[in-house]
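The values are calculated or read from the model by the stated rules, or taken from the named source; none is laboratory data. Keep in mind that what you see is a predicted model, and the values were worked out from it rather than measured. Don't worry about glycine lacking a Cβ; one is built from the backbone with ideal geometry, like all the others, and counts go over all protein chains shown. Areas reflect the complete protein model, heavy atoms only, side chains present, ligands, DNA and RNA absent. Shrake-Rupley method; radii C 1.70, N 1.55, O 1.52, S 1.80 Å.
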Amino acid sequence: MTKTETYDTGQCWLMKLLKTVVSTINTGSGRDRSTGSKKERKATAAARFTIYKVNKASRKKREKSSAKKERKATKTLAIVLGVFLICWVPFFTCNIMDAMCSKLNLPCQPGVAAFLLTTWLGYMNSFVNPVIYTIFNPEFRKAFKKLMFLGP
C-alpha cells in the first residue's frame, strides 16, 4: 500500500488535513507569497501571531487546569494516607507492644479487647477508602454509582 492509498482510505486523516493546511499557508491562498502586497503579508503575519496567542493562552489554561487537578489529587492522597495511618497505627502499635512485652517478660501486654478494637479499626480503613474517593473524585463517584446500580 502506498502513501496515497493510506491517505485515501482515511487511516491518516490528520496527515491529510495537515498537508492541506501547510500547502494553503505556503501558497498564500493560491498566490505566490512574493507577489502579495505588503498589506496582505502583514495580514498573514497578524493571523499567524493571533494563532500563536490563542495557542499560548490555551496552553496557560491547560497548565492552570492541570495544576488544579494535581492539587486536588494531592489533597485526596493526603486524606487517604492520613486515614490509613489513623486506622492502622494503633493495630501495629499493639502488635509491637505485645511482642516486646512478651520478649522482655513485662506485664504490659495489651488485652484481647485492645486487639479486637484495633483490628476492627484497621478493617474500617477498607470501608472508608471508597467513601473518600467517592467524595473527592467525580469519575470515581460516577463509576461507584454504576457499580451500586444507583444511576448512570
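The table below gives the values:
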| read-out | value |
| --- | --- |
| Modelled FRET efficiency - R0 35 Å, Met124 with Lys64, Cβ distances, 0.05 increments | 0.40 |
| Pairs beyond 23 Å (Cα-Cα), from Lys72/Lys142; Lys60/Lys145; Lys68/Lys142; Lys38/Lys61 | Lys60/Lys145; Lys38/Lys61 |
| Exposure of Ser66 as accessible area (Å², to 10), given a probe of 1.4 Å and all protein chains | 50 Å² |
| Loop-resident sites, segment 61-152, for chymotrypsin sites (Phe, Trp or Tyr not before Pro), counting at most 12 other Cβ within 10 Å (DSSP) | Phe149 |
| Label point 7 Å beyond Cα of Glu139 along Cβ direction - residues of segment 72-87 with amide nitrogen under 20 Å | 72-81 |
| Volume per residue that the Cα convex hull of segment 66-152 spans, once the total is divided by residue count, Å³ | 103 Å³ |
| With all protein chains modelled, accessible area of Met100 [1.4 Å, Å²] | 110 Å² |
